[in-house]
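Working notes, structure below.
The values are calculated or read from the model by the stated rules, or taken from the named source; none is laboratory data. None of the values given here were measured: they were computed from a predicted structure. All Cβ positions, even for glycine, are placed from backbone atoms using ideal geometry, and neighbour counts span all protein chains on display.
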Ligand code: GLU
């Protein structure tokens, strides 16, 4: 693919996505997020041969939110191990909203998967009991390729203050014997990872590593092991876009993870990492403009995994 072609398609994709901003709404359940301008829209691509392309508000920082659940899962799989993790969380899509508590009572004591809030809180508890947040942050900085990434304290405090549902989930997990860590310790870790400030370039760098078999696209250093990648990318396919994951798989066809901050990270295997940012969200919590950009890119650049 010629570079001029990718740049051109990216600009067209951005303009296409812009038409869908008005269909979405900002997340307001975290008060600090409701202050963000709904009209931001940006996108970055990093190819596995190390080229980068950007359009729109790609330098605008936003909080990682649920996208961080993929990094905490990788960290936990690398350092604690799949055998321990999957005694605490399942591997199946829940079909419920990301913050649903319902199945923990009606179906299984264990969260359905590590990418919904309940599963990510369970994983955060496992990590928080063994590692300082700073150690996790170092890993985030490494995979995103920027050592100035920090927690947005305003969003962190806002999430912590408004976190009644996540607190309820954590206490239920604890009473079910799934969460062994102290509830506040697990939640503090969880809220911090969700409140990390990044831009689309940071996450496209990380997505490119996922696309590149775990190797940094510039240094060639293996940062994530292949068995771990297989688990995380498979979960991104089945559970990455909340209860909209099935339709996304058909329309876009890339392993992806969204967050209520407006980011969606996606990747085309052996080809490129992509991140879009648009804080106006659909009913599932996925960026309306970002979704459209990814669908446009998938079609125009032939990125669908079954193309
Ligand atoms: N911090 C958010 C929450 O727990 C993450 C949600 C998301 O991005 O899906 O509610």
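Here are the numbers for the structure shown:
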| read-out | value |
| --- | --- |
| Count of residues meeting criterion [surrounded by fewer than 18 Cβ atoms within 10 Å (Cβ to Cβ) and either in contact with a strand residue (DSSP E or B) (Cβ under 8 Å, 6 or more places away or on another chain) or free of Cβ contacts under 8 Å to residues at least 40 places away in the same chain (or both)] in segment 91-116 | 4 |
| Identity of the residue in segment 115-134, part of a loop (DSSP other than H, G, I, E, B) and closer than 15 Å to residue 97 by Cβ, that ends up nearest to the chain's Cα centre (by Cα) | 115 |
| Members of segment 270-302 found to be away from the ligand (no atom under 14 Å from the Cβ), free of Cβ contacts under 8 Å to residues at least 60 places away in the same chain and touching a helix residue (DSSP H, G or I) at 6+ places or on another chain (Cβ under 6 Å), listed by number | 295 |
| Residue in segment 51-70 that is farther than 16 Å from residue 290 by Cβ, more than 16 Å from the ligand (Cβ to nearest atom) and either at pLDDT below 95 or surrounded by 22 or more Cβ atoms within 10 Å (Cβ to Cβ) (or both) present | no |
| Qualifying position, being in contact with a helix residue (DSSP H, G or I) (Cβ under 9 Å, 6 or more places away or on another chain) and surrounded by fewer than 23 Cβ atoms within 10 Å (Cβ to Cβ), among 145, 119 | 145 |
| Test: residue in segment 36-43 that is assigned to a strand (DSSP E or B), buried (at least 18 other Cβ atoms within 10 Å of the Cβ), more than 13 Å from the ligand (Cβ to nearest atom) and within 19 Å of the chain's Cα centre (by Cα) | yes |
| Flag if residue 135 is at pLDDT 95 or above and within 12 Å of the ligand (Cβ to nearest atom) | no |
| Filter result for residue 166 (in a helix (DSSP H, G or I), without any contact (Cβ under 8 Å) to a residue 40 or more places away in the chain, crowded, with 16+ Cβ neighbours inside 10 Å and within 14 Å of the ligand (Cβ to nearest atom)) | no |
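Here's the yes/no breakdown for (1) out of contact with any helix residue (DSSP H, G or I) (no Cβ under 9 Å at 6 or more places or on another chain); (2) in contact (Cβ under 8 Å) with a residue 60 or more places away in the chain; (3) away from the ligand (no atom under 12 Å from the Cβ):
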residue	(1), (2), (3)
183	no, no, yes
187	no, yes, no
200	yes, yes, yes
203	no, yes, yes
208	yes, yes, yes
212	yes, yes, yes
